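Step one of this worksheet: look at the structure below.
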Amino acid sequence: MKNSERHQNAVDKLTGIAQEVYDQLDGGKIPKMMIPLRTKSNIRFDSKAAVWKYGKAMGARSAKKLTGAQMLLRTMYMLEFIEDMIKDSKSSTLREMYYISEGWPKAKFSAQDESNMLAEDLEIITGCMREDFKLRPEEDGARVMGNITIQETDRKGKKKKINCRDDVGDSGYGVPYNVEKEKIEFVDSDADFIIAIETGGMFDRLVENKFDEDAHAVVVHLKGQPARSTRRFIKRLNEEMKLPVVTFTDGDPWSFRIHASIAYGAIKTAHISEYLATPTAEFVGITASDILNYELPTDKLNDKDIQALNAEKTDPRFKDEFWKHEIDLMLEIGKKAEQQALAKYGLDYVTDTYLPEKLGQLGILK
Amino acid sequence: MASIAHELAKNQKEISVSEFFEKNKQILGFDSLTRALITSVKETVDNSLDACEDASILPEILVKIEKMDNTEYKLTEEDNGPGIVKAQVPNVFARLLYGSRFHTRAQRRGQQGIGVSAVVMYSQLTTGKAATVRSKISDEDTAYECDLILDTKKNRPERLREDRVIWDREHGTSIQVHLKGKYMGGKQSVFEYLKGTAIVNPHAKITFVPPEGVPIVFERASDQVPPPTKPVMPHPEGVELGELLSMAKYTESLKMTSFLSSEFSRISNRVAKEVCELAGVPPEQRPTKLTLEQAGAVLEAMKKVRIMAPETDCLSPIGETLIRKGLKNVLGDVKAEFYAPPITREPKVFAGNPFIVEVGIVYGGELSKEEPVQILRFANRVPLMYQQGACATTQAIENVDWRRYGLEQRGGHGIPFGPAIIMVHLASTKIPFTSESKEAVANIPEIKEEIELALKACARRLKTHLNKAEKKSKAKVKFEIVQDIIPMIAEKSAKIVGKPVPELSGTITKIMNVVWIDDEVSYEKKRHHVLVRIYNYTPKSQGFHLHMVVPFDKIDPKSLELQPLEVRDGNKVTWDIKRVSSTEEFQLKFDLTGLSQEEYGENEVYVSGIDAASVIGVDVLPGDWDLEHLKITGELPVDEGAAAEEGEEEDVDYDEGAEVIKDEE
Ligand SMILES: Nc1ncnc2c1ncn2[C@@H]1O[C@H](COP(=O)(O)OP(=O)(O)OP(=O)(O)O)[C@@H](O)[C@H]1O
Ligand SMILES: [Mg+2]
C-alpha cells in the first residue's frame, strides 16, 4: 500500500469507530467498544508465525463506568486529532499527543502511559499501525556496531550508505524510529550473527574488546526493554540477511521478559508480534544455572522480583522446560546477577570465555 | 476523696505542710516543670469558672505567662467572678484544704480545697516569692490586694502586705505567682488545656497571652451561663462504712432519724424510722454514739428499704447544641466535613452519685487519616490532659468496634484510626478519679457502660452520614458521566461522522436508571436556604411522596412554593411529588427563619411510594416515621441498583483488568 492509501485506510477505520459509537447513542444504547483483552491469559501461540498473539477473549470499554466513559471520550478526541493530522500532513510524537490532551476537557490523560495504551488500542481495533495514524515514538531505538552496510534515506530524501562499523563512532549506528524499507535497506554484511545486549556497559565492553570483529558479530544495544523499532530492525536483519539472533541480558525476571519480547512477542504489542518478534532468537543471558556454575556475585531477589518470577510461571511464553527450570531455580536460590558480574574474572572473560562457551553450545561460534 | 480530705485534715498538725506537699507532688500535679505550669493554670482557671458559674456570670478570663529567666515564669490569672470577701482571701489562697467544696456533693470543678493553695505553695517553695492576690466584690468601691505566703509549719496564711487599690472593674479576682516551670507546646500544654476548656465552656471568653507571640482569644460561642447546679446530700446507695461513721461523728443532728433524713438524699422521716427499726438502732439515739456494728446494720438496712433513685437535677450537662457550638467554635480551622450531632445521655447513678455522659465526634476536613483519632476527655467541664491510657473514657473507646462505624481499627479493638476527634464529657456530683491529681476517670462499670453506649449512639450518627456521603459520591460520578461526558462523546462522534448530535435520553436513563435526589442547606443572613433537587433519570415519569424532618413553623411561607400534603407533630412534613417526567428535574425550595445556624445543620430527607432500588441520595421512609429505628440500625440498605446493573453486564471491563500487561519493571 502506498502511504496515502494507508492513511486513507486509517481515516476510514477510525471514522468507523466513531460511527459505531454514534449509532449506539442514536439507538439509545450505552456506548461501548469491544477490545481483545491484553492480558497474559489471553495470548495464544500462532504456530504459523511462531509468535504469541492475542486470543479471542474480549473486554468492554463501556460508558457505564467513569473510566470507560472517559476513555471513550478520549478516543473521540484522539480520532479527531489523528484525522486532522492526516488532513494537514502533520505528525506528532506520542509525547506531544499526551500534551495535546491537556486541552481536552474531561478527557485529559493522567499519564503518558495512558495515551500510549490508547494509541495501541486503536491499532488493535483498526488493524493499522500507529505510524498510519501519524504518531511516532519520541525515543530512538538502539545502537548498532558490526560489519553490516545499510542504506538510509535521510530527511532530505538523499540515500546514504553507512557501514555500521567503519562509518560510525564508538557509540555505533543509531537506529531511527522508522526502520521500514522506505527508510532503511540492507546492502551487505560480513557478520555471522546478531547479539542483542541489555546494558550499555556490556555493549561498550564488547565493542572495546572488538568482539564484533573477532566473532563476526553485529552487536546491538537494546537499552532495557527494547523499543518497537529495535525489535523490528532485529527481525528484518534476521529475515533478510539470514543472521541468527541471540540475546545477552542480566539474570533476573525482568531480563527474561526482554528476551521474551524479542523472541516470542510482548504482551503489550501482541497484535503486531508477527511484525516485531524473532522466533528463532536464543537466550545467552545470565541464568540461575550460570549463577551457580560461574559462581557469580549476586544480589538478593526483592519482593517485586519474586512476584515477577511467580507471574512468569503462569505466563504461557515461559512454558518450556528450559524456562521452567531456570525460573524455579532462581526462586530456589533467591539470587539474581548482572551481566557485568562476569568481570569478577577479568575484563576479557566475557568475550574470551563466557560468550564463546555459550555460543559454542548453540553452534553459532565454532 | 472527701474521706481522704478529712484524713489529711486530721494529720495536718502532725506533719509540716511542706513535707506533705513534697510527698504528694505527683498526685497534686507538680511532678515536672512542664506539668507544674499547666497545673497552676488549670487550678486557677477552674476556680474562676466555678465562681462565675455559682454567681451566674458570663466568665471573662485572662491567663498571662511571662518568662522571667531560664526556668522562672510569672503567671497572672484574672476573672470577672463575684470576688472573695477580704476576710477569706488569705485562707482561700494560702491554706491547704480550705475550700467551700469538699463537704458538698455538687457538680463542680473544684472538689478538694487543695487546688489554688497548692499553686501558691509550689510557687513559694520554688522561687521564695509571695503570691499577690487582688479581689473586688460588687458592694465595694475598691479592690482588696495582698501579698501572701503560707506558713508551712502551721498551714496558716501570712500576709506580707495589704492594701486597697482602685480596680476598674465591678468585681473579680486576680492572682499572680512566680514559679519554676517550663513552657512547651504540644498535646499536653497550657494552650491545649485552654483550648479544651473553651470547647466545653462555650459561654466563657478566654484570653491567653503566651510568653512569646501574640495573645490568643477564645471567643464565646454562647451567651447562656449554665444553670446553677444544686448541691445534693449523698444518696444512701453506695455510702461506705467509714464515711457513714465520720458523718455521724460530725453531724449537728441529735437523733439518728433526723441525722439520716437531713444528711442523706431521698430519706424521709418515715424511711429513716424504717431504717432504724430494721437495723435495730434506737431512733432517738445520738448519732455520735453510733458504734461500728450499728453503722454496719444501718448500711444493710438502707439496702433493704425501698429508696428512690438519686435526684438528677443537680447535674448540668453541656447539652447537644452547645457541644456542637463549642467544638465548631474552637476547632473551626480543622474545616471538618461533619460534626456528628452530639449525644447527651439520660442521668445514671454510680455509688449514689448521679452522672451524665456526653459524646461528640468531629470528622474529616484537615484531620489526619493515618493517625489514631484524637481523644478529648472532660470531667465536669475540665479537660483531662494526662494519663489517657488509665482513663475509663479511653478504655470505653477501645472497647467499641469502630470498624462498624467507618473508622479503621486493627482487630476491632483499641484506639481507632481515622480523621476524627472524639470528645467525651462526664458530669457528676462526684467524679471518681483514679487519684488526687484528677487526671483519669476510674474504671467504674456503670460509667464505662454509659460511655460506651453514648459513643455508639454518636458513632451511628457518624456512620449514617458516611453512608450518605458515599452514596452521594457514587451518584455524583454517574451524574458526571451523563451530564458532561456522554454529551461530549455525542458531540464529537457526530462531528466526526458528519451527522446531527443524537438525542441522548435513552442512553442517559439506561446508565442512571434512578431518581437522583440531592439536597443542600446553606445559611446566610439568619436564613437557612433549603434546596432539594429531584432528577428523574429513569425512562418513565415518576411520582412519589417526599418527606422531611423540618420545623414547619420555621418555614417562611412566602418561600414555599409547593404546599405539603401533611404535617405531623409539627416537624414531619410530607409533600406529594406528583409527576416528574423522564430526564426532567424538579426543585423543592424553602427558607427557614429564626433558627441559629447550629440548630439546622443537615437535611433529613426520605421518600415513599417508590422502589428503594430506584432512588439514590435519600432513604425510603421507614413505616410510620420510625426514624429511631433507622438511626439505631444505622445500616442502610445495600445499593441494589448497583448490584443489579453489575449482574446484567456480562462483559469483562477492559480498563479494570487486574493483570499488569507491561513487561518492564
Ligand atoms: N477566683 C475565685 N473566685 C471566687 N472564689 C474562689 C476563687 N478561687 C477560689 N475560690 C474559693 O476558694 C475555695 C478554695 O479553692 P481551691 O482551689 O483551693 O479548692 P477547691 O476549688 O474547692 O477544690 P480543688 O482542690 O479540687 O481545686 C473554693 O472552693 C472557692 O470557694
Ligand atoms: Mg480549685
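The values are calculated or read from the model by the stated rules, or taken from the named source; none is laboratory data. Since the model is a prediction, treat every value here as computed from it, not as a measurement. Here Cβ is always computed from backbone atoms with ideal geometry, including for glycine, and neighbour counts include all displayed protein chains. The accessibility values were calculated without ligands, DNA or RNA, using every heavy atom of the protein model including side chains. Shrake-Rupley method; radii C 1.70, N 1.55, O 1.52, S 1.80 Å.
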Scan B:96, B:150 and give me the residue that is within 16 Å of ligand 2 (Cβ to nearest atom), assigned to a strand (DSSP E or B) and at pLDDT below 90. B:150
Quick check, is residue A:41 closer than 25 Å to residue A:228 by Cβ and more than 11 Å from chain B (Cβ to nearest Cβ)? no
Per-region count, region B:572-624, residues without any contact (Cβ under 8 Å) to a residue 60 or more places away in the chain, in a strand (DSSP E or B) and not hydroxyl-bearing (Ser, Thr, Tyr): 13
Identify the residue in region B:129-150 that is within 27 Å of residue B:38 (Cβ to Cβ) and of a type in the set (D, E, K, R) and, among all such residues, is nearest to ligand 1 (Cβ to nearest atom). B:134
Let me confirm something: among B:58, B:33, which residue is under 16 Å from residue B:201 (Cβ atoms), more than 13 Å from ligand 1 (Cβ to nearest atom), surrounded by fewer than 22 Cβ atoms within 10 Å (Cβ to Cβ) and modelled with pLDDT of 85 or more? B:58
Name the pairs whose Cβ atoms lie under 7 Å apart, with the first residue in region A:301-321 and of a type in the set (A, V, I, L, M, F, W, C), the second modelled with pLDDT of 95 or more and in a loop (DSSP other than H, G, I, E, B), and 6 or more positions between them or separate chains? A:301/A:334
So in region B:105-128, with the set limited to residues that are aliphatic (A, V, I, L, M) and either within 14 Å of chain A (Cβ to nearest Cβ) or within 13 Å of ligand 1 (Cβ to nearest atom) (or both), which one is farthest from the chain's Cα centre (by Cα)? B:121
Name, by its number, the condition in (1) assigned to a helix (DSSP H, G or I); (2) exposed (fewer than 15 other Cβ atoms within 10 Å of the Cβ); (3) in contact with a strand residue (DSSP E or B) (Cβ under 8 Å, 6 or more places away or on another chain) that does not hold for residue B:475. (2)
Step by step: first the residues of region B:450-479, then only those that are among the β-branched types (Val, Ile, Thr) and away from chain A (no Cβ under 14 Å), then the one that is farthest from residue B:513 (Cα to Cα). Which residue is that? B:451
Can we say residue B:555 is over 23 Å from residue B:474 (Cα atoms) and open to solvent by less than 60 Å² (accessible area, probe 1.4 Å)? yes
Which members of region B:385-399 meet the condition of being modelled with pLDDT under 95 and either open to solvent by less than 20 Å² (accessible area, probe 1.4 Å) or hydroxyl-bearing (Ser, Thr, Tyr) (or both)? B:386
If I go through region B:80-89 residue by residue, how many of them are open to solvent by less than 10 Å² (accessible area, probe 1.4 Å) and not in a loop (DSSP other than H, G, I, E, B)? 1
Across (1) at the interface with chain B (Cβ under 7 Å from one of its Cβ atoms); (2) under 30 Å from residue A:235 (Cβ atoms); (3) out of contact with any Asp or Glu (no Cβ under 9 Å at 6 or more places or on another chain); (4) among the charged types (D, E, K, R), residue A:56 clears everything bar (1)
Residue A:119 passes all but one of the listed conditions (1) part of a helix (DSSP H, G or I); (2) more than 26 Å from residue A:57 (Cα to Cα); (3) of a type outside the set (Asp, Glu); the exception is number (2)
So, residue A:296, is that one part of a helix (DSSP H, G or I) and crowded, with 19+ Cβ neighbours inside 10 Å or not? no
Mind checking which residues of region B:553-581 are in contact with a Ser or Thr (Cβ under 6 Å, 6 or more places away or on another chain) and among the small types (Gly, Ala, Ser)? B:581
Kindly establish whether residue B:421 is farther than 24 Å from residue B:346 by Cβ, open to solvent by 40 Å² or more (accessible area, probe 1.4 Å) and aliphatic (A, V, I, L, M). no
Complete set of residues in region A:254-272 that are more than 9 Å from chain B (Cβ to nearest Cβ) and farther than 22 Å from residue A:124 by Cβ: A:255, A:256, A:259
Taking residue A:77, is it at the interface with another protein chain (Cβ under 10 Å from one of its Cβ atoms), in contact with a helix residue (DSSP H, G or I) (Cβ under 7 Å, 6 or more places away or on another chain) and open to solvent by 10 Å² or more (accessible area, probe 1.4 Å)? yes
If you check residue A:279 against the conditions, is it farther than 20 Å from residue A:247 by Cβ, in contact with a strand residue (DSSP E or B) (Cβ under 7 Å, 6 or more places away or on another chain) and not in a helix (DSSP H, G or I)? no
State the number of residues belonging to region B:104-119 that are modelled with pLDDT under 75 and either farther than 28 Å from residue B:311 by Cα or open to solvent by less than 20 Å² (accessible area, probe 1.4 Å) (or both). 2
